């Protein structure tokens, strides 16, 4: 399937959905505290998304049961909201999708609950810094594999490794479109594959592991952890290429 090129008015519609994601993430991160259950966190997120005129896009997507992915500590992505109550020192990834008038938004952050360790601060910083490195690194006509390779090298230089088997993606009329955008080079030649062009809209989402990027899926069939059993982190933005520059759509 070809990578779709969006018109300016289509990017504007995607921006509406993405701003709601950003506002919801700000709302949730501002209200996280010890004792809050993941189900309560999800309910807050879903209600807030509805209040802004959007639909929680993840709820029911591929069978996922909630509107907010809540990934705690060792869970890197796709955590299901449960009765677990957050504790001081936990870290939690929040990944949210929205849909407005048939257009989708998607973004994620990882945040600490109360005071967290220096190790966890560094882990979270790697995901966030890798995301913004990638945004600054992009040039039109660059190949997506070059971007993946650049993200991988950044993560490795920080002393971490990318989660394998999961990736960023295109977004538009569907929550997941072409291209796939891994946080590592697949194959050996970064100068191969499709190029980044004006009008493309896609999600960049570094997923960070300490030592081993091999994924393991837990018994709930959703939660993804690293084979090293250590904590992970995740950050994501939806970006558009407009007039040769990167525009972050998932900002409030």
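Every read-out reported here was derived from the displayed coordinates using simple, explicitly stated rules and does not represent laboratory data. None of these values were measured; they are calculated from a predicted model. Using ideal geometry, Cβ is built from the backbone for each residue, glycine included, and neighbour counts are taken over all protein chains shown.
Relative to its Kirkwood radius, the Cα radius of gyration of the range 144-225 gives an Rg/Rh of 1.00. Taking a ≥ b ≥ c as the square roots of the eigenvalues of the Cα gyration tensor of the range 1-78, is the shape rounded (a/c under 1.5), prolate (a/b larger than b/c) or oblate? Because a/c hits 1.5 or more and a/b exceeds b/c, the range 1-78 counts as prolate. Here the residues 235, 62, 132, 160, ranked from fewest to most Cβ neighbours within 10 Å of their Cβ, fall in the order 62, 132, 160, 235.
Highest mobility in the GNM of the chain, judged by mean-square fluctuation with C-alpha springs under 10 Å and restricted to 23, 139, 157, is found for 157.
Size estimate for the chain follows the Kirkwood approach: the inverse of mean 1/r over distinct Cα pairs works out to 18.0 Å.
Sort out for me the Cα centre separation of the range 52-69 from the range 103-151, rounded to whole Å. So the separation of the two Cα centres works out to 23 Å. A Gaussian network model of the chain, with springs between Cα atoms under 10 Å, assigns the largest mean-square fluctuation among 228, 106, 136 to 136.
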